[in-house]
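Student: Structure in structure tokens, see below.
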Amino acid sequence: MPVQQLLQKLFPKKFAPNITRQEILAAVPVRNTLVEWETNDQEEVVLKVPRRQDRVGRVLHRVFVAPPFKQVVLDEVGSDVWQLCTGENDVDTIVKSLARKYKLSRREVELSLANYLRTLAQRGLIGLTKR
């Protein structure tokens, strides 16, 4: 096994591929099906991210008694983005929707959304596909 593949296997987040802004803007965001979600009373999206299930994860779970998932609460804008990441809306549609709702310029929304989607993709919460 080549060294690069071994490093990616051992440290998957550290060696995640860099995604350019142009690639993000041309993509269609899709939610990870392993991540369960619901909305709370404040209309915020609450993600339930499953913990590691490999050998290391099982050992850590035994040592540190922890729930089988981690909860992440998204703010209002993050919740709107999550709900629009259906696999049917491309990034351009999401940009237009957010710009209209929050009365921002397209450029402001594009920059912030590209960074936010990159973060979600690197954490494995969404995938970015091409049409």
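Student: Tell me, yes or no, whether segment 81-103 has at least one residue that is under 13 Å from the mean Cα position of the chain (by Cα), farther than 17 Å from Arg21 by Cβ and charged (D, E, K, R).
Tutor: no
Student: Restricting to segment 24-70, give me the number of residues that are part of a helix (DSSP H, G or I) and in contact (Cβ under 8 Å) with a residue 40 or more places away in the chain. Step through it out loud before you land on a result.
Tutor: Of segment 24-70, the ones part of a helix (DSSP H, G or I) are 24-25, 55-63.
Then keep just the ones that are in contact (Cβ under 8 Å) with a residue 40 or more places away in the chain; that gives 24-25.
Adding up the residues that qualify gives 2.
Student: Within segment 96-123, take every residue that is of a type in the set (Lys, Arg) and outside any helix (DSSP H, G or I) and give me the one that is surrounded by the fewest Cβ atoms within 10 Å (Cβ to Cβ).
Tutor: Lys103
Student: Picking from Arg100, Arg118, which residue would you name as being modelled with pLDDT of 95 or more and at negative phi?
Tutor: Answer to the check: Arg100.
Student: Answer yes or no as to whether Thr129 is modelled with pLDDT under 95, within 16 Å of the chain's Cα centre (by Cα) and not in a helix (DSSP H, G or I).
Tutor: Criteria met by Thr129.
Student: Restricting segment 84-95 to residues that are surrounded by fewer than 15 Cβ atoms within 10 Å (Cβ to Cβ) and either of a type in the set (S, T, N, Q) or modelled with pLDDT of 95 or more (or both), which is nearest to Leu120 (Cα to Cα)?
Tutor: Thr86
Student: Moving to a separate point now. Taking segment 71-92 as the region of interest, how many residues are under 23 Å from Leu47 (Cα atoms) and not in a loop (DSSP other than H, G, I, E, B)?
Tutor: Of the residues in segment 71-92, 14 are under 23 Å from Leu47 (Cα atoms) and not in a loop (DSSP other than H, G, I, E, B).
Student: Residues to consider are Val49, Val63, Val59; find the one that is among the aliphatic types (A, V, I, L, M), surrounded by fewer than 10 Cβ atoms within 10 Å (Cβ to Cβ) and either within 17 Å of Arg118 (Cα to Cα) or modelled with pLDDT of 75 or more (or both).
Tutor: Criteria check complete, one pass: Val63.
The values are calculated or read from the model by the stated rules, or taken from the named source; none is laboratory data. Just so it is clear, the model here is predicted, and its values are computed rather than measured. Heads up, the Cβs are rebuilt from the backbone with ideal geometry, glycines too, and the neighbour counts pull from every protein chain shown.
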